[in-house]
Amino acid sequence: MPTGVPIEIDGLSKHFGGVTAVDDLSFTVQPGRVTGFLGPNGAGKTTTLRVLLGLVRASQGTATFGGQRYRELERPLETVGAALEAASFHPGRTARNHLAISAAAGGVARSRVGEVLDLVGMTPYADRRVGGFSMGMRQRLGLANTLLGDPGVLVLDEPINGLDPEGIRWIRGFLQQLAGEGRTVLVSSHLLSEVQQSVDRVVIIAKGRLVHEGTLAELETDSLPRVVVDSPDRPALAAALEAEGLEFTTGRQGLIVDEPDPARIGHLAFVAGVELHALARQKSALEDSFLNLVGEQGVSADDGGADAPEPTSATKATDTADDAAAEHPSPPDEPEPTDGKGAE
Amino acid sequence: MRFLPAIGAEFAKIFTTRMWWVLALILFVYIGLLAGGLAAFFGWLVANPEESGAGGATAIPPEADLAGLMYSFATSVGYVFPVLLGALAVTSEFRHQTLTPTFLANPHRAVVLWAKFAALFVVGGVVFGVIGWAASIGPAAGALALSDLDPALDDPETWAMVGRGILAMALWAAVGVGLGALVPNQVAAIVIVIAFTQFVEPILRLVATLNDVTAEIGKYLPGAASDALVGASFYSIAAMGSGEILEWWQGGLVLAAIAVATTLIGYFTSWRRDVT
């Protein structure tokens, strides 16, 4: 059974012309767990993964598998299985032939092709051309490709995109199983809700910078749960809340109160004689917390009442990064690990 | 290192889409009709010299040259097909974003590119060379024999020419790889191949013969080098009196140098770039 090695991103930056896609990013992904790599579209997730896989050159920093760059891996397909977004297949080639080509190039036994097709349930479509495949089928084929070398590390970019509900349930169980076998599993997504049931840890980035690294539980406690309350007489309700010294904002469905306990709000409304027609704990604390983290810096700062170290450090990172970008408007031409082995 | 698996994968890439046999089929039909048709026409002219008009006597090359001329259409006209195959082998990796799985399976990009070069060289010769020359020799030899002209099939020089022609087709496929790496945009690459081979170079070669200095340069044009390598061609006879033609081995070296140089430059300009 292949065991995973940690993925280590260390001080990674990538500039495309004047645009900074990834900005001094550092995090570690440990084996034996499913780690979610989250951030809104354009946050730099795909760029980070492409640097990690040797497809894009880093401007600064390193991204390694147990200390080795992708290009330095002796047998890359047997160490790392990767499926990237924009699943790239020649439309005129069959699923089986795609896998056979990867297997040939990566030195993997041809017999693995049939095995991985079985694993992802693609055997009935194996000899059809990919041009006619649905998004879900392409995702499954991409996943089959990652499993060819039975690798200890899996890097999947938006693997849930385009899957039907049955497929989503299947892949969640599958990823858990792979992590349970001791593999390192990194799954990117722009939707927290998409992965929150299947990941153990999360790495959240926004605008190329790290904003949170830890467990989902930590993320949840970062944002205090709040209560949504509404009354036909909102001014009276607001007055009652103010009398108790509670902070609140006005939302679409009522007043959002910075107080975790609905009972307390219900009681003070009752005492004040204010009629209520809604009183509930805000459900999406996790999603809220996520959106705050990846949203505008201002939102994070407002939110950071008690102890919110992430927004603060993110703000610091902004300043340093902006300075750095100003000093180096064009990316320095970093010497790369030579791939000119054709000369041998 | 890892060169043989890489070549294996490149062969598999060529033969797992329909492009190779579509191009090979067009090559076969086109060259067969051209060589067979012209051989029949010349056969008829020889049988009816009075029909060939005023300067008729000079228009028809001697018999042995005639056979070689007809056969060499395989390369002198058909070379565009291996070039296209080679160029498409590279540009389709960019167009369909298959560079991602390609470089994931083998992150040593130079190895991948030279493996492609080698695989296309072999397919250009063994598949396109053999099919092209079979397409020209079969119908043309038949038509010549029917007109009581010598098909020269028992002449070892004919078969030496066939061998050089197949080598030329192999080299042209490799030139296509270099061109595809230089111009990764598939549409642009196809337009360049068609425009250069069918239009620009024939004109350049004709214009070059007008002056001694340009004629000296013109013989290094890829098409001229290819004709020199094969040793008989429609153009070398059409460009009467130029006399400026390389030795066959020099022609082969020029073509090989073009293939290697374009591939090397393409490696540094496009192949090493970020794959996003």
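Search segment B:79-106 for residues that are more than 7 Å from chain A (Cβ to nearest Cβ) and within 28 Å of B:GLY32 (Cβ to Cβ) and pair each with any residue that is of a type in the set (Phe, Trp, Tyr) and surrounded by fewer than 24 Cβ atoms within 10 Å (Cβ to Cβ) when their beta-carbon atoms are under 7 Å apart and the residues are at least 6 apart or on different chains. So the pair list comes out as B:LEU85/B:TRP20.
Looking across segment A:133-142 at every residue that is buried (at least 20 other Cβ atoms within 10 Å of the Cβ) and of a type in the set (A, V, I, L, M, F, W, C), the one that is nearest to A:PRO76 (Cα to Cα) is identified as A:LEU141.
The rows are residues; the columns are (1) farther than 24 Å from A:ILE7 by Cα; (2) surrounded by fewer than 19 Cβ atoms within 10 Å (Cβ to Cβ); (3) touching a helix residue (DSSP H, G or I) at 6+ places or on another chain (Cβ under 6 Å).
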| site | (1), (2), (3) |
| --- | --- |
| A:HIS90 | yes, no, no |
| A:ILE101 | yes, no, yes |
| A:VAL113 | yes, no, yes |
| A:ALA126 | yes, yes, yes |
| A:GLY131 | yes, yes, no |
| A:ALA144 | no, no, yes |
| A:VAL153 | no, no, no |
| A:GLU166 | yes, yes, no |
| A:GLU181 | no, yes, no |
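Only a single criterion out of (1) modelled with pLDDT under 90; (2) farther than 24 Å from B:VAL127 by Cα is not satisfied by B:LEU69, namely (2).
Scanning segment B:7-30 for residues that are more than 12 Å from chain A (Cβ to nearest Cβ), surrounded by 17 or more Cβ atoms within 10 Å (Cβ to Cβ) and not aromatic (Phe, Trp, Tyr) yields B:LEU23, B:ALA24, B:LEU27.
Which residue is most open to solvent (accessible area, probe 1.4 Å), if the candidates are limited to segment A:73-88 and must be among the aliphatic types (A, V, I, L, M) and in contact (Cβ under 8 Å) with a residue 24 or more places away in the chain? Here the answer is A:ALA87.
For segment A:72-103, the set of residues classified as facing chain B (nearest Cβ under 7 Å), among the aliphatic types (A, V, I, L, M) and over 20 Å from A:PHE27 (Cβ atoms) consists of A:LEU77, A:ALA86, A:ALA100, A:ILE101, listed by residue number. Only one entry of B:ALA152, B:ALA135, B:ALA119, B:ALA140 meets the criterion of being open to solvent by less than 10 Å² (accessible area, probe 1.4 Å), more than 11 Å from every other protein chain (Cβ to nearest Cβ) and outside any helix (DSSP H, G or I), and that entry is B:ALA152. Set side by side, the residues A:GLY54, A:GLY39, A:GLY4 differ, and just one is buried (at least 23 other Cβ atoms within 10 Å of the Cβ) and without any contact (Cβ under 8 Å) to a residue 24 or more places away in the chain, which is A:GLY54.
Being hydrophobic (A, V, I, L, M, F, W, C), more than 24 Å from A:PHE133 (Cα to Cα) and open to solvent by less than 70 Å² (accessible area, probe 1.4 Å) is the requirement here; does A:VAL187 meet it? Considered against the rule, which asks whether it is hydrophobic (A, V, I, L, M, F, W, C), more than 24 Å from A:PHE133 (Cα to Cα) and open to solvent by less than 70 Å² (accessible area, probe 1.4 Å), A:VAL187 comes out as no. Check segment A:51-71 and report whether any residue there is more than 9 Å from chain B (Cβ to nearest Cβ), among the hydroxyl-bearing types (Ser, Thr, Tyr) and not in a loop (DSSP other than H, G, I, E, B). Within segment A:51-71 (the criterion being more than 9 Å from chain B (Cβ to nearest Cβ), among the hydroxyl-bearing types (Ser, Thr, Tyr) and not in a loop (DSSP other than H, G, I, E, B)), the answer is yes, since at least one residue qualifies.
Looking at B:ALA195, B:ALA181, just one residue is under 15 Å from the mean Cα position of the chain (by Cα) and either charged (D, E, K, R) or within 28 Å of B:VAL90 (Cβ to Cβ) (or both), and that residue is B:ALA195.
Which residues, taken from segment A:138-153, are of a type in the set (A, V, I, L, M) and farther than 17 Å from A:MET122 by Cβ? Explain how you work it out, then say what you get.
Taking segment A:138-153 first, the residues of a type in the set (A, V, I, L, M) are A:141, A:143-144, A:147-148, A:153.
Hit for segment A:138-153 is A:VAL153, nothing else.
The values are calculated or read from the model by the stated rules, or taken from the named source; none is laboratory data. Since the model is a prediction, treat every value here as computed from it, not as a measurement. All Cβ positions, glycine included, derive from the backbone under ideal geometry; neighbour counts span all protein chains shown. For the accessible areas, the whole protein counts, side chains as well, though only heavy atoms, and no ligand, DNA or RNA atoms are used. Shrake-Rupley method; radii C 1.70, N 1.55, O 1.52, S 1.80 Å.
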